[in-house]
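Read through the structure below, which is laid out as structure tokens, and then see the notes.
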Amino acid sequence: MDTAMTAFLMTSAGQDDANTQHAQPAALYFEDMEPGRCLSSPVHRIDRIELVAFAKVWDPLPFHVEEQAGIQAFGSLTAPGLYMLAVKQRLIHQLPTMTVIASLGYDEVRFNAPLRPDDTVVLRLEWVNRRISESKPDRGIVTVRFSLINQHGETVMSHLDTILVRRRKLEVFVRNRAETDDQVAS
């Protein structure tokens, strides 16, 4: 782990467990994304007006937009799954900047429990696995699990995201690869 990542981890504002760090500003590269390590966002409150306005445009089912329909179906209004993903995306930007080149796709998208107005949630990010790109050694492929967790500790939404990420020290990797190629050629 490099010095910047060590400083980031040492200055974190609290820990949920030994592997979870709360977000602080820092740029994270492939080398920093160690499987098993986690980050958590600041707390975010679900605003009723915003939730209903979003649902009216993008998923106007009665239990998302009408109080009585929500109470009858689920005990209260509930957020559309797309809204949960939008909240997750908002909270990603409250985590340290990651040197992501692209998302390669989501897997295992789950809406585990209702998200309700006035709930408070945090986003938990866990790096699941990683590998260096075989075709482009200046980047790596990382699988991340995102979990949106409410004030009761329930995961309301989760998914895996496979991302393409920049590596920090290309010159070292290029030099090492050249040395390896020279050894093979000898």
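The values are calculated or read from the model by the stated rules, or taken from the named source; none is laboratory data. Note that the coordinates shown come from a computational prediction; the quantities given were computed from them, not determined experimentally. Neighbour counts run over all protein chains shown; Cβ positions are idealised from the backbone, glycine included.
Data table
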quantity: Top-ranked residue in region 114-125 [being over 14 Å from ILE92 (Cα atoms) and out of contact with any His (no Cβ under 9 Å at 6 or more places or on another chain); ranked as surrounded by the fewest Cβ atoms within 10 Å (Cβ to Cβ)]; calculated: ASP118
quantity: Contacts under 6 angstrom Cβ, first residue in region 116-127 being in contact (Cβ under 8 Å) with a residue 24 or more places away in the chain, partner surrounded by fewer than 18 Cβ atoms within 10 Å (Cβ to Cβ) and of a type in the set (S, T, N, Q), 6 or more apart; calculated: ARG116/SER76; THR120/GLN151
quantity: Residues within region 131-149 that are part of a strand (DSSP E or B) and either among the acidic types (Asp, Glu) or surrounded by fewer than 19 Cβ atoms within 10 Å (Cβ to Cβ) (or both), tallied; calculated: 5
quantity: Among the candidates LEU91, LEU95, LEU77, residue that is part of a helix (DSSP H, G or I) and closer than 21 Å to THR155 by Cβ; calculated: LEU91
quantity: Residue count for region 37-78, restricted to those that are touching a residue at least 40 places away in the same chain (Cβ under 8 Å) and either in contact with a Ser or Thr (Cβ under 6 Å, 6 or more places away or on another chain) or hydroxyl-bearing (Ser, Thr, Tyr) (or both); calculated: 6
quantity: Residue within region 105-113 that is touching a His at 6+ places or on another chain (Cβ under 8 Å), in contact (Cβ under 8 Å) with a residue 24 or more places away in the chain and at positive phi present; calculated: yes
quantity: Residues satisfying the stated conditions in region 39-57, i.e. surrounded by 14 or more Cβ atoms within 10 Å (Cβ to Cβ) and not charged (D, E, K, R); calculated: LEU39, SER40, SER41, HIS44, ILE46, LEU51, VAL52, PHE54, ALA55
quantity: Residue that is in contact with a strand residue (DSSP E or B) (Cβ under 7 Å, 6 or more places away or on another chain) and either modelled with pLDDT under 95 or surrounded by 18 or more Cβ atoms within 10 Å (Cβ to Cβ) (or both), where the choices are VAL156, VAL128, VAL174; calculated: VAL156
